[in-house]
Amino acid sequence: MKARAIKSILSRTILGLGLVASVASCKKDKNDNPGSPDNPNGTKIASFSQGDDYVKFDYNADGSVKKLYVKTDLNTGGVELDFTVKYDAQKKITALESQWQTIDVEYTNNVMSKSTIKQQGTAFAQTEYQYANGNLQSTVLSFAGEGDDLVPAFKYDLTYNAQGHLTKTSASLALGNGQFESAGYINYQYDGKTNPLYEHRQLLAILGYNISKQNTTVEEHFDIENQPEDKYQFTYTYNAKGNPERAIVKQGLPGGEQTEVLVKYTYK
């Protein structure tokens with residue numbers, strides 16, 4: 001049961017984009033400019049959606065994100081939330097602000113180290129980030145407990161290959177006193193093409209979406225006993241610039257019940 005609970009939180013594939021895959025390179029050199037190495041086609045993503053669930057982007061004149069509109073059953077309870085993105089003079093994200101919530105972002109040595117969700121000034125959730133060699137290595141999610149304390153609940157550890165692509169995400173449940181218990185893991189495969197959401201990886205990571213450098217083609221979920229638990233297979237249709245226009249996502253283990261969903265992408 002613990003593994004299944006973790007999987008439901010780990011698995012951000014409700015929008016079918018490999019969102020469980022890497023925050024892989026929330027690196028120090030964030031660049032949101034069209035045509036940058038993070039966005040070689042110079043095409044800005046406007047939205048991605050699955051059914052009634054979506055994430056939409058509005059941009060500033062310099063190509064940075066001005067507002068973000070999010071509506072998912074898992075993350076927002078089916079209600080649209082719009083966040084205004086705040087920056088400092090160096091264009092580092094300092095906060096996301098909505099009518100009901102504020103997410104404050106902190107940095108250590110110019111690298112994102114913590115984000116705290118507040119409602120009416122009171123913190124009720126927090127994520128701490130640890131980096132090595134420019135790649136995110138682990139995150140710890142904490143939630144409000146008794147009094148004003150934020151209590152660790154989950155930890156995610158990320159493993160990369162020599163090319164810097166995330167190959168595995170391991171999940172753990174907090175036991176208390178800084179101890180964690182393994183609760184399953186996910187392995188990934190990719191299509192070799194740039195993920196159009198990758199240039200916004202840091203922004204989306206603040207909201208709990210983990211964005212890979214390339215588009216995920218296979219996710220294999222394993223439980224605490226290393227047994228296959230679920231599988232997602234992504235089949236993409238690309239536009240003339242090589243960006244995905246849609247993806248058919250097949251969920252289910254071979255030989256078992258399988259379902260399909262359609263994910264759509266639009267661009268500016």
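The values are calculated or read from the model by the stated rules, or taken from the named source; none is laboratory data. Please read these numbers as outputs of a predicted model, since none were measured by experiment. We place every Cβ from the backbone using ideal geometry, glycine too, and count neighbours over all the protein chains shown.
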Residue match in segment 67-76 (condition: crowded, with 18+ Cβ neighbours inside 10 Å, in contact with a Phe, Trp or Tyr (Cβ under 6 Å, 6 or more places away or on another chain) and either in a strand (DSSP E or B) or modelled with pLDDT of 95 or more (or both)): yes
Out of Ile117, Ile103, sole residue that is aliphatic (A, V, I, L, M) and without any contact (Cβ under 8 Å) to a residue 60 or more places away in the chain: Ile117
Extreme residue, nearest to Ala183 (Cα to Cα), among residues of segment 115-125 that are more than 15 Å from the chain's Cα centre (by Cα) and in a strand (DSSP E or B): Ala125
Pairs where the first residue, in segment 189-205, is within 15 Å of Tyr238 (Cα to Cα) and the second is at pLDDT below 95 and assigned to a helix (DSSP H, G or I), C-beta under 9 Å, 6+ apart: Asn195/Arg201; Leu197/Leu204
Members of segment 129-157 that are small (Gly, Ala, Ser) and either farther than 21 Å from Asn187 by Cβ or outside any strand (DSSP E or B) (or both): Gly134, Ser142, Ala144, Gly145, Gly147, Ala153
Looking only at segment 158-178, and only at residues there that are of a type outside the set (Ser, Thr, Tyr) and buried (at least 17 other Cβ atoms within 10 Å of the Cβ), the one that is farthest from Asn215 (Cα to Cα): Ala174
Test: Gln214 is in contact with a helix residue (DSSP H, G or I) (Cβ under 9 Å, 6 or more places away or on another chain) and not basic (Lys, Arg): yes
From the options Ala183, Ala171, Ala162, residue that is within 29 Å of Phe83 (Cα to Cα), among the small types (Gly, Ala, Ser) and either modelled with pLDDT under 90 or part of a strand (DSSP E or B) (or both): Ala171
Whichever residue in segment 218-230 is within 16 Å of Thr167 (Cα to Cα) and buried (at least 18 other Cβ atoms within 10 Å of the Cβ) and, among such residues, is nearest to the chain's Cα centre (by Cα): Glu219
Residues (closer than 21 Å to Val79 by Cβ and among the β-branched types (Val, Ile, Thr)) located in segment 100-128: Thr102, Ile103, Ile117, Thr122
Failed item in (1) over 28 Å from Pro244 (Cβ atoms); (2) touching a Ser or Thr at 6+ places or on another chain (Cβ under 8 Å); (3) of a type outside the set (Lys, Arg); (4) touching a residue at least 24 places away in the same chain (Cβ under 8 Å), with Phe48 passing the rest: (1)
Where a residue in segment 248-261 is closer than 16 Å to Asn215 by Cβ and its partner, wherever it lies, is in a loop (DSSP other than H, G, I, E, B), with Cβ under 8 Å and at least six apart: Val249/Gly16; Lys250/Gln258; Val261/Gly16; Val261/Gly51
The one condition in (1) in contact with a Cys (Cβ under 9 Å, 6 or more places away or on another chain); (2) closer than 19 Å to Glu219 by Cα; (3) not hydroxyl-bearing (Ser, Thr, Tyr) that Gly184 fails to fulfil: (1)
Residue that is farther than 30 Å from Asp62 by Cβ and either modelled with pLDDT under 90 or not β-branched (Val, Ile, Thr) (or both), where the choices are Gly178, Gly242: Gly178
Of residues in segment 231-268 being among the acidic types (Asp, Glu) and under 22 Å from the mean Cα position of the chain (by Cα), the one nearest to Tyr185 (Cα to Cα): Glu260
